[in-house]
Amino acid sequence: MPPMMTLTDIREQLEHLDLQIIKLLDERTHICAGHSLSSDDKLDILSLWLEEAADKGLDEVRVEKIGKLAIAMCSNTSE
């Protein structure tokens, strides 16, 4: 049986993942900079988020909210 993780271990792992998420969001906004997504593009992206969430057994309602926020971040870039 593997040893139990301590709260410190969990926090460190979550911090590591959070930093990766922030880095990926930054990369995503740079890719979108100066480009606008069509409604069809946004729908396709959101569909991908939802399909992947379902495949991984994640809460689709929560993932839909996150996906919409990621799409909105891309839509609001003007770099």
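The values are calculated or read from the model by the stated rules, or taken from the named source; none is laboratory data. As the structure is a prediction and not an experimental result, all values here were calculated from the model. Here the Cβ is made from the backbone with ideal geometry for all residues, glycine too, and neighbour counts use every protein chain on show.
Miscellaneous remarks
- Scope segment 45-79; condition over 15 Å from the mean Cα position of the chain (by Cα) and either within 18 Å of Arg28 (Cα to Cα) or among the hydrophobic types (A, V, I, L, M, F, W, C) (or both); matching residues: Asn76, Thr77, Ser78, Glu79
- Residue count for segment 54-65 under the criterion of being under 21 Å from Ser75 (Cβ atoms) and surrounded by 13 or more Cβ atoms within 10 Å (Cβ to Cβ): the result is 2.
- Single match in Lys23, Lys42, Lys68 (criterion: in contact with a Ser or Thr (Cβ under 8 Å, 6 or more places away or on another chain) and in a helix (DSSP H, G or I)): Lys42
- Only one of the numbered conditions (1) modelled with pLDDT under 95; (2) over 24 Å from Ser75 (Cα atoms) is violated by Cys32, and that is (2).
- Residue list for segment 27-53, restricted to those being acidic (Asp, Glu) and exposed (fewer than 11 other Cβ atoms within 10 Å of the Cβ): Glu27, Asp40
Listed here are the residues, each with its yes/no results for (1) in a helix (DSSP H, G or I); (2) out of contact with any Phe, Trp or Tyr (no Cβ under 7 Å at 6 or more places or on another chain); (3) without any contact (Cβ under 8 Å) to a residue 24 or more places away in the chain.
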position	(1), (2), (3)
Leu14	yes, yes, yes
Leu37	no, yes, no
Trp49	yes, yes, yes
Glu52	yes, yes, yes
Asp55	yes, yes, yes
Cys74	yes, yes, no
